[in-house]
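Structure first, then comments.
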Ligand SMILES: [Zn+2]
């Protein structure tokens, strides 16, 4: 380097040799070009008092070629040389403060040298921030981290610092995208002490936050958080459908074609006998369970299985069924739909075992025997305590009452109901309900898309559920009915959008996330996602009406408010449904946790005095389903009023009293319920199981009547707080 250029270099250093001049350079670097006035105020100088001093320093920077003036914008900006000087000063600053570079434990579990460029890259790629702005933020973060002299720098800590800077600078949108999903160390430590699977909880927490932050628009996420709506199973919202209704014939005909999912896996051939048929169905459910959030229902189960039992010794077939049911009880939430007679629409179909072998009508005897054996097995397995899974759905048809064997089976199912409360009954006595299917969660589907019971109701199911909190809307509306319906319409629209997002996500990721359900046979995908129902569930219609009308049911004003609300909701849903695609269905489903959460959130927000609720002050909940007592008239007063609102699902629970009924007495009650057009119902038995002496007692007791234990008790009370 020549002496002359060295002299120039020193002159430049001289030019920056004043704190005020360094401040001017830093301000221009951080904020970009500034006018004279802006610069003066950025330096917190007095425009009249300090004018001379400021002008002097600015001039010397202009002379040293570190700053230039733009005549057009009348702004001062850094020259390239000026930028270089600021950057060099930073480097010197860093070296002086920290002779050694700081180390950082990165997210890839490696130790690396801290590099601010990584922050710049993250801001550009993850947050989509313009590079210039990203560099400024990174520089600020580096400065803060160095100043703090942190001994152990981790990637999450760096991210926290960057996020804090983004908030300070009002760059909240970018911060949103940079959020790190995870759970605090303390929470993990707590969960390790609990029995629940920590990997499951950690995964759920992260996915739930991801859905709230990234998959759903802000208004929907906020509505969920505030309890205005409730999105069911948020953590799998973009990953799995809620429920599947299976067609076992598919697996009887094709076996398990796992090869199409993973070429190293076996291709299981179509089953040739009863044992392999049940093993194949069990394995299909296990595979599908990984891709289904909640319930899997085997529709027409005993009808489709019946041909495999022909010629099998009844004792052998019962043992195979027993093993199947015990395996299901351990591994998969399953609904078994049981026919007591072969329904017409199935009877005329060709039976496959797996080769065509007559019609299903030819196997009525076997169908009824399988039904009988399943009822016996569940009863045997429930001797100590009720077997809650698989759940049985007993389908009642007009022929059930005229066919003597079917009637005997119905009585047998009522014996099971008296003893355990287990079976669900679905009413198909009305012509329009012939091909309707129900799952044990209350969800229902009609054959109403193409009037084809196979494509409309099988190999499809429940896509997802969003519950709309009606009392929340009622409190918010402050007794203004027009406002109330406006809010409800907004919430329904949000629910429909959330369901649309779910549908699109599953379609988009179906091939990778749902390989088993999305498998194809001759170009025909097993799971008919486009036919899956999107359910908008309504919680607390009764409580909302009470807020407006003032009195609990039975009250005419309250009742007519419920009626009007139900009609208004139907009108909204029909309008949105036309826009948002088929099968947007309203429902009143038994969802205990949701019903409790929404009431608790509202009680905390508005005060328990402001809301109406069922349950107690400490444990309030909103109601969705009908609870009837044997003492009262055995009819749901809201049945007609809410019929349309229950199109996507409903349940009527009849509480059994303290004195055990006889099966034929209960069957008489069922007949009344059928006449009242009750669609889907179950009898509930409150029971207490003592783990100490392995005995079950009637009622929810505080003390085991047998051994006196107060700590070893398990309570049975399905559909409480719904
Ligand atoms: Zn006991």
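Bear in mind these aren't lab numbers, they're just calculated from the coordinates by the rules spelled out. What you are looking at is a predicted structure, and each value in this text was computed from that prediction instead of being measured. A quick note on method: Cβ atoms are made from the backbone with ideal geometry, for glycine too, and the neighbour counts reach across all protein chains shown.
To the nearest ten degrees, helix 556-580 and the longest principal axis of the Cα atoms of the chain are 70 degrees apart.
If you take the C-alpha gyration tensor of the chain, multiply each eigenvalue by 5 and take the square root, what semi-axes do you get, largest first, in whole Å?
Working through the eigenvalues yields semi-axes of 66, 31, 24 Å.
The relative contact order of the range 383-541 comes to 22 percent, based on Cα pairs under 8 Å that sit 6 or more residues apart. You can think of it this way: the chain between residue 30 and residue 272 has 79.5 nm of extra reach, that is 0.36 nm per residue less the Cα-Cα gap.
In terms of other Cβ atoms within 10 Å, 35, 594 run from fewest to most in the order 35, 594.
Oblate is the label for the range 404-467, because a/c, from the alpha-carbon gyration tensor with a ≥ b ≥ c as root eigenvalues, is 1.5 or above and a/b does not exceed b/c.
Helix content alone sets the calculated 222 nm mean residue ellipticity of the chain: runs of n ≥ 4 DSSP H residues at -39500 (n - 2.57) each, divided across all residues, give -15000 deg cm²/dmol. On the basis of the beta-carbon distance and an R0 of 35 Å, residue 323 and residue 715 show a calculated FRET efficiency of 0.75.
Measuring nothing but how far apart in sequence close Cα pairs (under 8 Å, 6+ apart) lie, relative to its length, the chain scores a relative contact order of 10 percent. For the pair residue 125 and residue 455, the difference between a 0.36 nm per residue extended length and the Cα-Cα distance amounts to 114.4 nm. The shape of the range 392-440 comes out oblate: with a ≥ b ≥ c from the C-alpha gyration tensor, a/c is at least 1.5 while a/b does not beat b/c.
Helix 364-381 axis versus longest C-alpha principal axis of the chain: approximately 70°, rounded to the nearest ten.
Distance from the Cα centroid of the range 473-547 to that of the range 624-665 is 26 Å (rounded to whole angstrom). Arranged from fewest to most other beta-carbon atoms within 10 Å of their beta carbon, 359, 610 become 610, 359.
Computed from label points 7 Å out along Cα-Cβ, the spacing between residue 697 and residue 188 is 4.5 nm. DSSP beta bridges confined to the chain are antiparallel in about 50 percent of cases. Please list, short to long, the whole-number percent of alpha-carbon pairs of the range 103-178 in consecutive 5 angstrom bins beginning at zero. Once binned at 5 Å, the Cα pair distances of the range 103-178 give 3, 17, 30, 26, 16, 7, 0. Applying 1/(1 + (r/R0)^6) with r as the Cβ-Cβ distance of residue 88 and residue 571 and R0 = 51 angstrom yields a FRET efficiency of 0.15. Against the main long axis of the alpha-carbon atoms of the chain, helix 198-210 sits at an angle near 70°. Pair-distance distribution of the range 1-82: all C-alpha pairs, bin width 10 Å, starting at 0; shares per bin in whole percent are 18, 52, 24, 7, 1.
Here the residues 680, 29, ranked from fewest to most Cβ neighbours within 10 Å of their Cβ, fall in the order 29, 680.
When a/c is below 1.5 the answer is rounded, else prolate if a/b is larger than b/c, else oblate, so apply that to the range 361-486 with a ≥ b ≥ c taken from the square roots of the Cα gyration tensor eigenvalues.
Prolate, since a/c reaches 1.5 and a/b exceeds b/c.
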